[in-house]
Amino acid sequence: MAFHYRIWQELLKQAPMTIAAELFRSYPTLTTTLYWTTMADETPYVIEIETPDVHVTATPEVISPAAVMTPQTILFASLSLAVLLLAIFAIMARRKPSYKGNSLLLVGPSDSGKTAILSTLVYQQTLPTHTSMQTNTSVVSLSPTAKPLLVVDVPGHPRIRDQFKDYLLDAKAVAFVVDSSTISRNGPAVAEHLHHVLHALTSLPPSHPAPALAIVAHKCDALKASSTATSEQLAMNRVRSILERELEKRRTSHAGGVGVESLGAEGDEESSELGGLDCTGGGEFRFDQWDGGEVTFLGTSVSVGKFVTPADEKATTHGLTPLVQWLEELS
């Protein structure tokens, strides 16, 4: 009978005599006629062994994985995997985080009016207050259709003012409250406190949305309006110019390696490591060029003992109207 042993062309081209010798070594008693033919369909070479009395069973060749995984193949697979991982990382980095907190943080120096703002928002009446030494929280409904907002009043004392960081990840907005009637006297201290807040905001992870920031020039009713500007405008302009000047001093001091005075418990060590004052273009500090995002200025005031009626809530005479409108726009 005749047995046809098919060997693929590429393998046979490499060592035809080696393959033939292996056949004779396996079957040394065979009387064989060995010759080569070519098939037209699959173009393999064929070894035909003629023998009348012996049945030969061919064992198919198993290709080793090492023969397939050549250095070129491994390099190509590694590059493809690296490109895929980079593409996934780029897509995840560009995705806008969907989570936003639902709390308002009232931060700022002591005696700036934070607790008075909280009581007015909660009770529609400004109650007499004193310097807080613990955090006050309350839920406020700005309108019948608005989602309730958690308002957190953080004390401004230097030793406990950094407690606002405990609420920062759940914050929808941060309102830094400044007494516009005294900012001219305590500008450096207020700027130092604000510097801590700016540093915390710019230190949030990229995957977390930064809360909106407003600087509230409070007690603006203590300033006398002029023929060209209202008391709110005068208060906002004063607070902005003084804080920009003092924050620029802090920025240049840090850039030159010079320490700046701090009121915190560990301020001398921590303040030298604070950042968060970078601006577009690398020039002087300006709020409208701050790298951390948009900063809104608001002028507000309250009157102790005055009850805010529902008719007054949307009136321009309501001292907290700018703050309420800003919060509603964020919803």
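The values are calculated or read from the model by the stated rules, or taken from the named source; none is laboratory data. This is a predicted model, so every value here is computed, not measured. Counting neighbours? That spans all protein chains shown, and the Cβs are built from the backbone with ideal geometry, glycine included. The protein model used for the area step is the full one, side chains on, heavy atoms only, and it has no ligands, DNA or RNA in it. Shrake-Rupley method; radii C 1.70, N 1.55, O 1.52, S 1.80 Å.
Scanning the range 145-177 for residues that are under 26 Å from P205 (Cβ atoms), open to solvent by 30 Å² or more (accessible area, probe 1.4 Å), in contact with a strand residue (DSSP E or B) (Cβ under 8 Å, 6 or more places away or on another chain) and part of a loop (DSSP other than H, G, I, E, B) returns Y167, K172. Consider the range 82-119 and keep the residues that are assigned to a loop (DSSP other than H, G, I, E, B), surrounded by fewer than 23 Cβ atoms within 10 Å (Cβ to Cβ) and in contact with a helix residue (DSSP H, G or I) (Cβ under 8 Å, 6 or more places away or on another chain). The one that is modelled with the lowest pLDDT is G101. Scanning the range 232-276 for residues that are of a type in the set (G, A, S), open to solvent by 50 Å² or more (accessible area, probe 1.4 Å) and either in contact with a Pro (Cβ under 6 Å, 6 or more places away or on another chain) or modelled with pLDDT under 80 (or both) returns A255, G256, G257, G259, A265, S272.
Return yes when V190 is in contact (Cβ under 8 Å) with a residue 60 or more places away in the chain and in contact with a His (Cβ under 9 Å, 6 or more places away or on another chain) and no when it is not. No. Scanning the range 182-201 for residues that are more than 16 Å from R161 (Cβ to Cβ) and in contact with a strand residue (DSSP E or B) (Cβ under 9 Å, 6 or more places away or on another chain) returns a single hit, I183.
For V216, the criteria (1) open to solvent by less than 10 Å² (accessible area, probe 1.4 Å); (2) hydrophobic (A, V, I, L, M, F, W, C); (3) farther than 28 Å from V304 by Cα hold in every case but one, which is (3). For E328, the conditions (1) modelled with pLDDT of 90 or more; (2) touching a strand residue (DSSP E or B) at 6+ places or on another chain (Cβ under 9 Å); (3) surrounded by fewer than 18 Cβ atoms within 10 Å (Cβ to Cβ); (4) not small (G, A, S) are fulfilled apart from (2). Only one entry in L201, L223 is surrounded by fewer than 23 Cβ atoms within 10 Å (Cβ to Cβ), in contact (Cβ under 8 Å) with a residue 40 or more places away in the chain, under 17 Å from T300 (Cβ atoms) and aliphatic (A, V, I, L, M), namely L223.
The residue that is farthest from the chain's Cα centre (by Cα), among those in the range 204-220 that are touching a residue at least 40 places away in the same chain (Cβ under 8 Å), part of a loop (DSSP other than H, G, I, E, B) and closer than 14 Å to A171 by Cβ, is P211.
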